[in-house]
Amino acid sequence: MSRVVVVGAGVGGLACALRLARAGHDVVVLEQGPEPGGKASRVVRGGFRFDAGPSLLTMPWLVTDLVGDRLELRRVEPVTRYVFADGSSVELSADGPLAHAALEAWSPGAGDDWLHWLGICAAMWKGSVGVLSGPPPWPPRRPGPGSPPPDPRDLLRVRPWHTLRTLARHVLRDPRLRLIAERSATYAGADPRRAPAALAVAGWVEHAFGAWHVMGGIHRIVEALVDALRDAGGELRTGVRAEAVVLRGGGELTLGRSWRARGRVAGVRTADGVVPADVVVHDGDAAGRGERSLSGFALMLGLQGAEPGRRHHEIRFPADYDAEFDDVFRHRQPVRDPTLYLAASSVTDPGEAPAGGENLFVLANAPLHRVGGGPDWDAVADDYERHVLDRLGIDPDRIVVSARRTPADLERQTGAIGGAIYGVAPHGRLGTLRRPPNDVPGVGGLWRVGGTTHPGGGLPLVLLSGRTVAGRIGPAG
């Protein structure tokens, strides 16, 4: 039996820990915070419950394969309402014919263009699912026993000669529909003008496999993983700050920095001493070269009264989408006219708010906290909160409770550098292939999982990273 120490109780770390515990390993998870979850945290105020991180589940079988019937999932329809600066709006369903009809009524020809777009994305999925579900393709390696050799056509399917912007403009005629397609870049924390076309798949999965809500909130996934881990014999220790990976024969690798060493792990050093380990799995910000991804400024509003016609998910686009990414990545300033993502889970799950109220989660893209000339979010948060509330147009008298999470808060709570949600931004036509790999070259027994490493961020990819790493470690000997 191998002794496995998982550093960080995010969704990726917990999923990997659960698989390893079931494979016969002796597993302990160390979490620096008071409770597990990482970026998938929970805020409860005055009877209102909010998911402060991910608020949507796609590819739900990745969760149910792990926790069975411990969770109740409910499909969200329509997937999202999109609102544009000209006052127009459209609601998209995961049902192809319904989406086609809605788009044709909204903008003749848009429905046909959308089906064409989804077809291209389906081909991209076919070309990329093997990469997402296994080790990164770079550096090249020989396929394992029983594994098919790489199909060179897969590279063509992801259209590496395109950025997400150029592909959207090539396929979609209505500029508003292009905004919907380009929105996929933010699922990886990127600028659509520099993001690879392959990121179109990030939005496509909502329409191919549906958008799902976990009754009781996304944080219930964390709770179910912890319960299942304990049932499998694993251990979770909270309030334990891991400082470094200890190597056999001496030497240490500081967590949160680039790792260049040769050796094999012997344990994890904490403030209370060394926890011995044969294998260490790090679920934290993987330090990597390159520009960091965007962050987010989140408001959680408990509102009195329910807005008629409120949808579970809504996205409000600004008049100038390019200016938003210029503010984030070039000017490094709070976005003057941000896209606003709104999630009101009480529409689907009434227990998330007191009777007659609604819980509104609002997210705006944001530059990093004090990185590369970025703002000091502790200093500007009050003013920016007022700015976002003004953009929302909500009557202040309706606000019963409120909370917020800035990039500075995210950095403090999760260790994400500057509050970067996705680690290194996948900019460049092959940007998705440049994420830090799951293994650490030269260091035996040291692995990475989570949204800042391969295959990327978002609940499905984080769960896939946990599955991949557990599979590569293998069963206990």
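Derivation of every value follows stated rules applied to the coordinates shown; laboratory data play no part. From a predicted model like this one, the values you see are computed outputs, not experimental measurements. Don't worry about glycine lacking a Cβ; one is built from the backbone with ideal geometry, like all the others, and counts go over all protein chains shown.
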Calculated FRET efficiency for the pair Arg248/Asp112, C-beta based, R₀ 60 Å, to 0.05: 0.45
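At 0.36 nm per residue, minus the direct Cα-Cα distance, what do Ala85 and Glu235 gain on full extension? Give it in nm, one decimal, please.
49.0 nm
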Residues whose placed amide H lies under 5 Å from that of Arg448, excluding near-sequence neighbours: His282, Asp439
The range 172-183 - phi-based ³J(HN,Hα) in whole Hz, Karplus 6.51/-1.76/1.60, Gly and Pro as x: 10, 8, 6, x, 6, 5, 4, 4, 4, 5, 5, 4
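Can you tell me the length gained on complete extension of the stretch Ile394 to Asp376, counting 0.36 nm per residue apart and subtracting the Cα distance?
Working: separation 18, 0.36 × 18 = 6.48 nm, distance 2.66 nm.
Contour length minus Cα-Cα distance gives 3.8 nm.
Could you give the dipole magnitude of the chain about its Cα centre, charging the beta-carbon of Lys and Arg +1 and that of Asp and Glu -1, in debye to the nearest 20? If you can, show how the numbers build up before the last one.
Numbers: 56 positive and 53 negative charges, 387 e Å.
The dipole of the chain has a size of about 1860 debye.
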Degrees between helix 200-209 axis and first principal axis of the chain (Cα, 0 to 90, nearest 10): 80 degrees
Amide H partners (placed H, <5 Å) of Ser2, local residues excluded: Asp26, Gly477
Contour excess over end-to-end distance, with Cα ends at Ala271 and Ser402 and 0.36 nm allotted per residue: 43.7 nm
Amide H contacts under 5 Å for Arg404, placed H, 5+ residues apart: Met300
Ranked list, fewest to most other Cβ atoms within 10 Å of each Cβ, for His282, His170: His170, His282
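For Leu179, Leu463, Leu14, what ranking results if the residue with the fewest other Cβ atoms within 10 Å of its Cβ goes first?
On the way: Leu179 20, Leu463 25, Leu14 34.
Least to most surrounded, the residues fall as Leu179, Leu463, Leu14.
May I ask you to order 326-336, 416-426, 301-311, 394-404 by the average number of other C-beta atoms within 10 Å around their residues, highest value first? All intermediate terms of the calculation are to be shown ahead of the outcome.
Numbers: 326-336: 18.5, 416-426: 24.8, 301-311: 15.8, 394-404: 14.1.
Descending mean neighbour count gives 416-426, 326-336, 301-311, 394-404.
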